[in-house]
1. Please name whichever of VAL85, GLN4, PRO137 sits farthest to the positive end of the charge dipole of the chain, dipole taken about the Cα centre and charges placed at Cβ: Lys and Arg +1, Asp and Glu -1.
2. Stretched out fully, how many nm does the piece from ASP7 to ASN62 gain, at 0.36 nm a residue minus the Cα gap?
3. Mind checking the dipole of the chain: about its Cα centre, +1 per Lys or Arg Cβ, -1 per Asp or Glu Cβ, Debye to the nearest 20?
4. For LYS134, go through the lysines and keep the ones whose alpha-carbon is under 24 Å away, minus same-chain ones fewer than eight residues off.
5. Can you tell me the length gained on complete extension of the stretch MET81 to TYR97, counting 0.36 nm per residue apart and subtracting the Cα distance?
6. Where does helix 8-46 land angle-wise versus the long Cα axis of the chain, in degrees 0 to 90, nearest 10?
7. Along each principal axis of its Cα atoms, how long is the stretch 55-137 end to end? Whole angstroms, biggest number first, please.
8. Can you give the extra length, in nm with one decimal, that the chain gains between ALA45 and ILE121 once fully stretched, where that is 0.36 nm per residue apart less the Cα-Cα distance?
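The numbers here are math on the coordinates, done by the rules we state, and not lab data. Since this is a predicted model, take the numbers as computed values, not measurements. Here the Cβ positions follow ideal geometry from the backbone for every residue, glycine too, while neighbour counts run over all protein chains shown.
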Amino acid sequence: MNFQWPDPISLVSDIIAIVGIPTLAYSTKQLYVDVKKAREEAIQARRPRGVSEDCVSFYDVNQKCAINLVPFKELGAIPRMGNHVYLPGETDGNRNYGGGKYEVVGVDFHYREDSEAHPFIPAKTTGIEILVQKIVPLP
C-alpha cells in the first residue's frame, strides 16, 4: 500500500474555504447592518426640524421674546419656578440684547411622537421652554 501525500493545491483551497466562508458571512452581515443604520440616519436627516428642537429656550414673558437657546447636551440642570438664572443674551456689535438676571416664572415641556422608540415609550422630549422675568439687566 502506497501512501499518497495530499495535493498541495487542494490543501490550500480547503484552508481558504474554511477561513473564507465564515469571514464572508460576517462581512455580509456587517454590510447589511451598516446599510440599515445609514438608511435610518438619512431618514432622520431629512426630517424637518425647528430651530429650538432639542434645546431649552428662555422666553421673557414681559418683552415677549426669546432670550437664549441651550442644547440639551450642554444643559447642566433645568431651573424650577422661583430660581434665578443669569443669561448672556445676544451681543450685536457693542450692544447686548436680553442679558441679565432673571427669575423663572414657569417651565413648559414639549413632546412629539417618536415612532422609532420603544413601544412603551412613544413620546420624545423635543424642547423645554423656560418662562422668565427680568430682575436686573446687564450693564
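1. Ranked along the dipole, the leading option is PRO137.
2. Values: separation 55, 0.36 × 55 = 19.80 nm, distance 8.99 nm.
Additional length available on full extension: 10.8 nm.
3. On the way: 15 positive and 17 negative charges, 69 e Å.
Using only the charged Cβ atoms, the result is roughly 320 debye.
4. Of all the lysines, those that pass the test against LYS134 - Cα under 24 Å, at least 8 places apart if same chain - are LYS64, LYS101.
5. Full-extension gain reported as 3.4 nm.
6. 20 degrees
7. Principal extents (largest minus smallest coordinate, Cα): 49, 29, 23 Å.
8. Values: separation 76, 0.36 × 76 = 27.36 nm, distance 2.19 nm.
My answer for the length gained is 25.2 nm.
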